[in-house]
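Working notes for the structure below.
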Amino acid sequence: QEHVFKLHHFLGANAPAQTDMLEPWARQVEENSGGSVKIEIYPSMTLGGRPPELINQARDGVVDLIWTVNGYTPGLFPRTEVIELPFVYENDPAAANLALADMYDEYLAEDYKGVEPMFLHVHAGQGIQTVETEVRSPADAEGLSLRIPTRTGAWVIEQLGATPISMPVPDLPQALSKKVVDGALIPWEIIPALKIQDQTQYQIEGHDKTRFGTTTFQVSMNKARWDSLPEDVQTAFRDASDRDWLAEVGQIWRDIDERGIQVAVDAGNEHITLTEEETAAFQESLEPVVQRWIDDVSGQGIDGEAMVEEARRLIGENASGSGS
Amino acid sequence: MTDPVTLGIIALVALVLLIAIRIPIAYSMILVGGVGIALVNGPQLLLSQLKTLAYGQFSIYDLSVVPMFILMGELAIVAGLSQALFRGANAWLGWMRGGTAMAAIAGCAGFGAVCGSSLATASTMGKVALPELRRYNYDGSLATGALAAGGVLGILIPPSVVLIVYAVIVEANIVTMFAAALIPGILAVILFILTIAIVVLIKPDAGPPGGAATRADFVQATLGLIPVMVIFGIVLGGIYAGYFNPTPAAAVGVFLVAIYALARGELRLSTMTEALKNTARTSGMIYLILLGAELMKIFMSRIGLPQQAASWIAESGMAPMLVMMLLLLALILLGCLMDSLSMILLVIPFFWPMLVEINGGAMATAETSAYGMSTDDLKVWFGILALIVVELGLITPPVGMNVFIISALARDIPMIETFKGVLPFFVTELIRVGLLLLFPALTLWLPSVIGG
Amino acid sequence: MAFDEAQTRSGAAAAVAQAVTAWALLGGVVLLGIVVINVLSVAGGIVGTTFPGDFELTEMGIAIAVFAFLPYCQLMDANVTADIFTSGLPERRVAALRALAALIAMAFAAILLWRMYLGMLDQKTYNYMTTILQVPVWWAFVPILVSLALLIAASIISLAENAGEARR
Ligand code: NA
Ligand code: NA
């Protein structure tokens, strides 16, 4: 092989993110290149450093490719956060992935200095998972302490009158079991790995799988490395990351998420789907989070209002079934 | 230049050479790891990674308990908790033949419950218990041997710095590791006390009985145990019961010990300064080794050595239990030369992925695995076994830090006597390792009850 | 309260030793501050209020404190060594080896100072911040760079002292 790439990420080799997404994508790139590309995947931070350092590693060329969570480095991706906002993102990861691609050139590119994103994607969205509190209205969440997913996720929790708590992911099961926290704002996908079903009683989401915001991920390459690649190799990467792939990634994360909630349901947990009216009450209550984000980014000269509008429009346009 | 095994051997030889010429272990690892990365992948890659690597390592949340527990141990020394513990234990045990040495062991165990370091435990309990052991004409070999061995309890009884570092490397839950260490730790206390009983049975003059305490002294000494029990109960009890995570728990521990020291009139600007300086020395030393180990890990990953070694062992067809025993033996041998923390940091990033492979992958369950337990359980079990054998290095010649510390306190007793005195305890430890190997439940039962 | 570390030295060496010790104690004060934050967090948890951002302040504060400890470790020769192979050597030879170790420490500290300075600029340029309190991460790098500069100074002292002894 002429072109060997090291792809570094923070999860284990058996995590669905690697087996179901990164590996198939890497094999596709290799196949597209006719064998001139080889992508070696290094899980669990084996090439050193902590997860927040992944983005520097790509930017500085310590590794060639990374898969990381944007939220690990708050402040670096203010524009991309638009897709994470509650009721901007509702329930369709595929549509959100496509919307991110559609917005990239005009709105998001500034966030990615020094790296070349191969693709951006979201997970199926944050649900409310609680130890013993049945949450059916924003008032029910008041006073709870909930583990945060991201910066904007912390705002969601604050807006509900609950307390945002940070802690390392592996500490979460223990914290839930002893009620150090009352719950967490995280996707179903995490349930099996942390055995969250044993520590919680309720998994709560809105009508039609509507969630309370989501988290953005990126697969990115060092910019200089990208620029040095011959056109046919670049095409191999681009073709593997096309719109079909983005839709498929949405489906992959939807499937991982479904497997997660199934584990909880099988364990006898109550999976609450709010009614349309109840969901609307949350939307109304969480609208200030969107405004908070608009105000926050406008300080950096970003037209947040236009971005929210555009994101909502594009998510609608790309919604599954409407074709793209 | 491409064969990972050759490169790995060259690096290892370089590392041993540097360590042998008295370059600090941390800097030896930094040098070999750093130069290795620069040679294999070019200096620019290393330089780029150094922009954030150290900050990343030093700001690991789970490690924040390390300086806190060290400070807690230092303040416990200031507060005189070691005296109180020994006096309390001696009131109960001292009247027996060998009883004062048993009390020293019990004191070490109690002090170990508020201190995460073997060396600090050996030196503080040594200072407290040695004069008493001399007063009752203890055989020098038994007196110093018991104290050197008892110091090991500082780390075998949670909290334990080495255990925290192990948990961070293999991504285990610290609470689970602490829970797993408790029964093996108590087992060590019992076996050490039995060892003393056997020694004085064979050689009655070695440990003459102390005088029985007066009723008033007995009551007073026993009451003196209460503060330690309370602090221990709140901090570790709180962790085990899950009321707080280790870092806040350690902070509460520091706070409580400081309050106790203040109440006893021992916490002054001068003693506080001394405690902070000692904390600075120990914590700085530990974190620097961590950074060195990270650089070594990066180098080894980049040349592909762990994968190579694991597949080699897998192909050799060795029985899993034999592999485990060889790994533990390697740690005992290495312990003759290195300190426990460096060993864990240097070796576990190799050994652990290998064991995962042998066991059938990270997701292996008890039914399908080579060791008859899930990989999550294996992580805990192996961690405790590794902890014990690396701590044995503290009492084995030629470098046995605990023995050195006790020898420095008892200058009239030749070091060889101390090493002789330690021998029975070393044998006891091997028996304990055997028990834990044969009965994994000794390690795994408590974490399974506590859950999480 | 004088610092013992300075007493056996004179002139510039004494000043550096004093600065290094004072800096380590400041690091200790940061550590105590982190202890207090966590205690408040626990106490708050009992009465139902919380200390937002205790997690990120702990991460940042411990890193600052530990970097501040490194020069002191160098000054006090606290980094673990395996003395077994060199225990038979005359003191002069051992001093020469200590000088070599100090040289390595100095070179490493200098490289790290240079690289972490660039790292700080990165943190600033790309606007790294903490999640809840939105504290800029580069703030933490400022005291860390001071620590590394002091580590260089401490290494120079051990280098000079040990080289002097080796030539005796
Ligand atoms: Na301990
Ligand atoms: Na040894």
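The values are calculated or read from the model by the stated rules, or taken from the named source; none is laboratory data. Since the structure is predicted, the reported quantities are computational estimates derived from the model, not experimental observations. Cβ sites come from the backbone with ideal geometry, for glycine too, and all protein chains shown count toward neighbours. Please note that ligands, DNA and RNA were not included when accessible areas were found on the heavy atoms of the full protein model with its side chains. Shrake-Rupley method; radii C 1.70, N 1.55, O 1.52, S 1.80 Å.
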Given unit charges at Cβ for Lys, Arg (+) and Asp, Glu (-), the dipole magnitude of chain A about its Cα centre in debye, nearest 20, is 1080 debye
Subtracting the Cα-Cα distance of B:L326 and B:I198 from 0.36 nm times their residue separation yields 43.1 nm
One finds the C-alpha centres of region C:116-157 and region B:421-446 to be spaced, in Å, by 46 Å
If every Lys and Arg gets +1 and every Asp and Glu gets -1 at its Cβ, then about the Cα centre chain B yields a dipole, in debye to the nearest 20, of 960 debye
Connecting every pair of Cα atoms under 10 Å apart in chain C and solving the GNM, the largest mean-square fluctuation among C:V66, C:V20, C:V42 falls on C:V42
Interface residues of region B:255-286, defined as losing at least 30 Å² of accessible area versus the chain alone with a 1.4 Å probe, are B:F255, B:T273, B:L276, B:K277, B:A280, B:R281, B:G284, B:M285
Mean per-residue count of partner chain Cβ within 10 Å for C:17-28 equals 3
Taking r as the C-beta separation of A:E2 and B:R264 and R0 as 51 Å, the FRET efficiency to the nearest 0.05 is 0.10
Checked the protein assembly as shown with the C-alpha gyration tensor, a ≥ b ≥ c its square-rooted eigenvalues, rounded below a/c of 1.5, otherwise prolate if a/b is larger than b/c and oblate if not; verdict prolate
Which of A:A162, A:A240, A:A281 fluctuates most in a GNM of chain A (C-alpha springs under 10 Å)? That residue is A:A281
For B:V16, B:V78, B:V66, C:V47, the accessible-area ranking with a 1.4 Å probe, largest leading, is C:V47, B:V16, B:V78, B:V66
Surrounding charge for B:L337, neighbours by C-beta under 13 angstrom, Lys/Arg +1, Asp/Glu -1, total -1
Taking Cα atoms, the helix B:340-359 axis meets the longest principal axis of chain B at an angle in degrees (rounded to 10) of 60 degrees
Relative contact order in percent for region B:317-426 (Cα pairs under 8 Å, 6+ apart) equals 29 percent
For A:K195, counting only lysines whose alpha-carbon sits under 25 Å away and dropping same-chain residues fewer than eight positions off, the answer is A:K178, A:K179, A:K209, B:K379
Note: B vs A interface, total accessible area buried (1.4 Å probe; ligands, DNA, RNA excluded), nearest 100 Å², is 2200 Å²
Mean other chain Cβ within 10 Å across B:15-25 is 6
Once amide hydrogens are built 1.01 Å from N within the peptide plane, the residues lying 5 or more places from A:Y42 or on another chain with amide H under 5 Å from its amide H are A:L7, A:H8, A:H9
Per-residue ellipticity at 222 nm attributable to helices in chain C (runs of n ≥ 4 DSSP H, -39500 (n - 2.57) apiece, nearest 500 deg cm²/dmol) works out to -27000 deg cm²/dmol
Highest GNM mean-square fluctuation among A:E23, A:E132, A:E106, for chain A with Cα springs under 10 Å, belongs to A:E106
The percentage of the accessible area of region C:75-137 (probe 1.4 Å, all protein chains present) made up of carbon and sulfur atoms, to the nearest whole number, is 63 percent
Regression test value, accessible area per residue of the protein assembly as shown, probe 1.4 Å, units Å², expected 36 Å²
To the nearest 10 degrees, the tilt of helix B:25-41 (Cα long axis) against the first principal axis of the alpha carbons of chain B is 10 degrees
Distance in Å, no decimals, from the C-alpha centre of region B:214-247 to the one of region A:56-73 is 47 Å
For A:K6, the lysines lying under 21 Å Cα to Cα, once residues fewer than eight places off in the same chain are dropped, come out as A:K38, A:K113, A:K223, B:K51, B:K297
Expressed as a percent, the accessible surface of chain B that is carbon or sulfur, using a 1.4 Å probe and the full set of protein chains, is 71 percent
Taking every other residue with Cβ under 13 Å from the Cβ of A:G161 and scoring Lys and Arg +1, Asp and Glu -1, one gets -4
Percent antiparallel among DSSP beta bridges confined to the protein assembly as shown, nearest 5, equals 55 percent
Mean separation of Cα contacts under 8 Å (at least 6 apart) over the residue count of chain B, i.e. the relative contact order in percent, is 25 percent
Counting only protein heavy atoms and leaving out ligands, DNA and RNA, the solvent-accessible surface of B:L322 at a 1.4 Å probe, in Å² to the nearest 10, equals 80 Å²
Under 5 Å from the placed amide H of A:M118, counting only residues 5+ away or on other chains, we find A:V219, A:S220, A:M221
Any aspartates and glutamates whose Cα falls less than 17 Å from that of B:K277, other than same-chain ones fewer than 8 residues away, would be B:E74, B:E266, C:D4, C:E5, C:D77
Diffing region C:15-27: the Karplus 3J(HN,Hα) column from phi (6.51, -1.76, 1.60, θ = phi - 60°), in whole Hz with x for Gly and Pro, holds 4, 4, 4, 5, 5, 4, 5, 4, 5, 4, 5, 4, x
With +1 on the Cβ of every Lys and Arg and -1 on the Cβ of every Asp and Glu, the dipole magnitude of region A:62-160 about its Cα centre, in debye rounded to the nearest 20, is 240 debye
Quick note, region A:232-306: a/c under 1.5 would make it rounded; otherwise a/b > b/c is prolate and the rest oblate (a ≥ b ≥ c, C-alpha gyration tensor); here it is oblate
Expressed in angstrom and rounded, the centroid-to-centroid distance over alpha carbons for region C:70-115 and region B:78-138 is 35 Å
Counting other chain Cβ atoms within 10 Å of each Cβ in B:335-348 and taking the mean gives 1
Ranking A:A94, A:H9, A:T73 by how far each Cα lies towards the positive end of the charge dipole of region A:1-143 (+1 on Lys and Arg Cβ, -1 on Asp and Glu Cβ), the top one is A:H9
Surrounding charge for A:G127, neighbours by C-beta under 11 angstrom, Lys/Arg +1, Asp/Glu -1, total -1
HN-Hα couplings for region A:181-190 via Karplus (6.51, -1.76, 1.60; θ = phi - 60°), in whole Hz with x for Gly/Pro, come out as 10, 8, x, 8, 9, 8, x, 5, 3, 6
